[in-house]
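Please read the structure below before turning to the comments.
The values are calculated or read from the model by the stated rules, or taken from the named source; none is laboratory data. Since the model is a prediction, treat every value here as computed from it, not as a measurement. We place every Cβ from the backbone using ideal geometry, glycine too, and count neighbours over all the protein chains shown.
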Amino acid sequence: MSKKVAPRPATELFPESLNLSPKQRQVLDTLGTFSHGAKVGDVAKALGMHINTARGHLDELVDRDAVVAVPTAATGRGRPSLIYSVRIPDNRAVAREYLTLIEVFAAQLADQDSAEAKETALAVGRMWGTRMKQEGYSARDMQSAVTNLFQHLRQMGFDPTVDQATEEAGEVNVTMHSCPFVLANHKPSMFLCMIHQGMLNEFVGDDSVNLKLKPFDAPGCCTIAVTGVAAADAVPAAS
């Protein structure tokens with residue numbers, strides 16, 4: 001009996017994962033404008049390049065799994081033409097589907113007694129925080145809390161900034177100006193915010209540090225208050 005193997009992660013097809021050259025990316029983007037694929041001559045004409053040059057770039061993209069080539073139906077003598085099609089997913093479409101799925105899950109889980117829903121959200125968040133620790137993120141003190149949290153939030157798309165004016169009060173505020181869990185014109189549920197708080201609770205590995213999420217703390221922003229000792233030493237260097 002053959003072993004069942006799952007499909008490859010779609011993230012492996014993202015252009016960022018393929019290390020394409022600028023010219024390969026240009027050819028790929030041009031091919032993507034043909035909704036039903038294109039022949040090499042179509043791509044060459046659109047780019048104003050020799051057909052052999054276009055074919056070479058397309059073959060390289062096929063080798064990198066960025067493009068698939070399918071023979072057309074034979075209509076006579078000679079080899080059938082190839083139709084090239086992009087395999088790269090639309091990142092924006094993928095993100096929208098992820099967010100829609102998250103909203104559906106959140107709505108289903110939040111449809112409980114309020115106390116039970118809160119505990120469920122915090123438990124999910126703690127599991128998320130555990131995964132983060134496995135990936136090397138942790139917060140053992142104020143410095144590592146702000147530095148690692150800032151790095152994670154920036155990579156995730158939260159567009160964070162650090163409020164240095166709060167240092168003297170023994171607190172560092174990390175303000176998030178965008179959220180990867182927000183759909184356009186949709187306000188995230190507080191259930192998702194509680195999941196985020198659960199992640200922050202697990203993220204901290206030392207009782208001397210506390211991370212508190214303040215949802216919608218200012219117009220268009222949420223804040224994470226990092227409190228503990230040595231707050232003045234915790235601000236990451238500007239990048």
Original post:
Within the bounds of the stretch 41-59, is there any residue that is within 32 Å of the chain's Cα centre (by Cα) and among the charged types (D, E, K, R)?
Top reply: yes
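From Ala6, Ala95, Ala117, Ala44, grab the single residue that is of a type in the set (Gly, Ala, Ser) and within 23 Å of Gln155 (Cα to Cα). Even if it seems obvious, please write down each step before you answer.
Details: Ala6 fails: within 23 Å of Gln155 (Cα to Cα); Ala117 fails: within 23 Å of Gln155 (Cα to Cα); Ala44 fails: within 23 Å of Gln155 (Cα to Cα).
After ruling out the rest, the residue left standing is Ala95.
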Subject >> Criterion: closer than 20 Å to Lys187 by Cα, of a type outside the set (D, E, K, R) and in contact with a Ser or Thr (Cβ under 8 Å, 6 or more places away or on another chain) - qualifying residue of Leu109, Leu82, Leu47, Leu101 >> reply: Leu109
Subject >> His36, sole failed condition from (1) in a helix (DSSP H, G or I); (2) more than 25 Å from the chain's Cα centre (by Cα) >> reply: (1)
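Residue check: is Arg92 assigned to a loop (DSSP other than H, G, I, E, B) and either surrounded by fewer than 15 Cβ atoms within 10 Å (Cβ to Cβ) or modelled with pLDDT under 80 (or both)? So that I can check it myself, show each step before the final result.
On the way: assigned to a loop (DSSP other than H, G, I, E, B): no; either surrounded by fewer than 15 Cβ atoms within 10 Å (Cβ to Cβ) or modelled with pLDDT under 80 (or both): yes.
Considered against the rule, which asks whether it is assigned to a loop (DSSP other than H, G, I, E, B) and either surrounded by fewer than 15 Cβ atoms within 10 Å (Cβ to Cβ) or modelled with pLDDT under 80 (or both), Arg92 comes out as no.
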Original post:
Within the stretch 28-68, how many residues turn out to be under 16 Å from Leu13 (Cα atoms) and without any contact (Cβ under 8 Å) to a residue 24 or more places away in the chain?
Top reply: 4
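State which residue is surrounded by the fewest Cβ atoms within 10 Å (Cβ to Cβ) when the search covers only the stretch 17-33 and only residues that are of a type in the set (Ser, Thr, Tyr) and in a helix (DSSP H, G or I).
Step one: list which residues in the stretch 17-33 are of a type in the set (Ser, Thr, Tyr), which gives 17, 21, 30, 33.
Subsequent filtering for residues that are in a helix (DSSP H, G or I) retains 17, 30.
Numbers: Ser17: 15, Thr30: 19.
My answer is Ser17.
Yes/no per residue for (1) buried (at least 17 other Cβ atoms within 10 Å of the Cβ); (2) modelled with pLDDT of 90 or more; (3) not acidic (Asp, Glu):
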site	(1), (2), (3)
Phe105	no, no, yes
Lys118	yes, no, yes
Ala123	no, yes, yes
Val146	yes, no, yes
Met156	no, no, yes
Asp159	no, yes, no
Original post:
Name the pairs whose Cβ atoms lie under 8 Å apart, with the first residue in the stretch 159-184 and in a loop (DSSP other than H, G, I, E, B), the second at pLDDT 80 or above and among the acidic types (Asp, Glu), and 6 or more positions between them or separate chains?
Top reply: His177/Asp159; Ser178/Asp159; Leu183/Glu103
**OP:** Kindly indicate whether any position in the stretch 63-79 is at pLDDT 90 or above, basic (Lys, Arg) and more than 24 Å from the chain's Cα centre (by Cα).
**Re:** no
